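Novice: Please find one structure pasted underneath; my questions will follow.
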Amino acid sequence: MKNRLKVLRAERSWSQQDLADRLAVSRQSVNAIETGKYDPSLPLAFKLADVFELAIEDIFERD
Amino acid sequence: MTSADTNRATGKGPLFYVGLMAAAYAAVAALAITGAVEGPAIYMLVIAPFGLVFPMMAAANRRIDAGGAGCIGKGEAQRRYMKRVAMFSSLYLVVLGVMTFVLKSSEPHFAIRSILALLPGLAVIGIFWAVGRLIVEEQDEFLRMLVIRQSLIATGFALSAATVWGFLETADVVFHLEAYWWAVAWFFGLGVGAAANRVQYGTWGAV
């Protein structure tokens, strides 16, 4: 699944570790989601949406 | 933070101690094979290098705290996993030493032999249990998925190897192998699983 995590992080000047800390997951998880290697569960997708204060569909796009 | 940065920040990594342990066991094996040491002295020498597990755990914990290389995240579940594995591995070496020593030095009663022979197996079951608890306790879904994937690959590897070997043994193509070697094959399979994780997800996993 495509996503805008890298752009959204850059807009906030967050590193992958900063985002990982906000989500309470590992940096490896953020990296895997950001590079499209791993699609997060619905609860984690909602958590991402909360952290960025956006809707899920504003972060993730269909392939 | 790169792996090199993490090493500088946290001192010697866990792999350093794993390497030391492997070198120590290679030296013990060489001494035993050449006959330089014999009898109970071998068991003492086998147990001694295992003391390196403790600095290895400390190094791994420092790596966890630094959020460094490998697939290590917040780490509470992984910390507990390492403690359990170290505990059951130590127990395994001790009971294996005791079992081998007693069986070679005397002819104990059937019941004693049975209990002694069960103990190393129970210690290895403890390690399997530790992997299971890691899967249950890991809060990071990506890390959990990596452990599950690694365990499934290890299971497939060990069962496949056992099946193929069994038929080859039936046909007298290969020598007889004690069944506990399939547990060793499973642990080797965890390494195969870690490599598969690295290829597909860019990270080794947590086991």
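The values are calculated or read from the model by the stated rules, or taken from the named source; none is laboratory data. All values derive from a computational prediction rather than experimental measurement. As a convention, Cβ positions derive from the backbone with ideal geometry for all residues, glycine included, and neighbour counts pool all protein chains shown.
Novice: Name the residues in the range A:6-24 that are over 11 Å from the mean Cα position of the chain (by Cα) and buried (at least 18 other Cβ atoms within 10 Å of the Cβ), would you?
Specialist: Residue satisfying the conditions is A:TRP14 alone.
Novice: Confirm whether B:VAL147 is within 14 Å of another protein chain (Cβ to nearest Cβ), in contact with a Leu (Cβ under 7 Å, 6 or more places away or on another chain), buried (at least 17 other Cβ atoms within 10 Å of the Cβ) and in contact (Cβ under 8 Å) with a residue 24 or more places away in the chain.
Specialist: yes
Novice: Going by what's in this entry, would B:VAL102 be described as in contact with a Pro (Cβ under 8 Å, 6 or more places away or on another chain), surrounded by fewer than 17 Cβ atoms within 10 Å (Cβ to Cβ) and under 30 Å from B:PRO49 (Cα atoms)?
Specialist: On the way: in contact with a Pro (Cβ under 8 Å, 6 or more places away or on another chain): yes; surrounded by fewer than 17 Cβ atoms within 10 Å (Cβ to Cβ): yes; under 30 Å from B:PRO49 (Cα atoms): yes.
Judged against the criteria, B:VAL102 is a match.
So that you can scan it fast, the table gives a plain yes or no per residue for (1) of a type in the set (A, V, I, L, M); (2) in the same structural domain as B:PRO120 (by TED's automatic domain parsing); (3) surrounded by 14 or more Cβ atoms within 10 Å (Cβ to Cβ):
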{"site": "B:SER151", "(1), (2), (3)": "no, no, yes"}
{"site": "B:SER160", "(1), (2), (3)": "no, no, no"}
{"site": "B:THR163", "(1), (2), (3)": "no, no, no"}
{"site": "B:LEU168", "(1), (2), (3)": "yes, no, no"}
{"site": "B:TRP182", "(1), (2), (3)": "no, no, yes"}
{"site": "B:ALA185", "(1), (2), (3)": "yes, no, yes"}
{"site": "B:VAL207", "(1), (2), (3)": "yes, no, yes"}
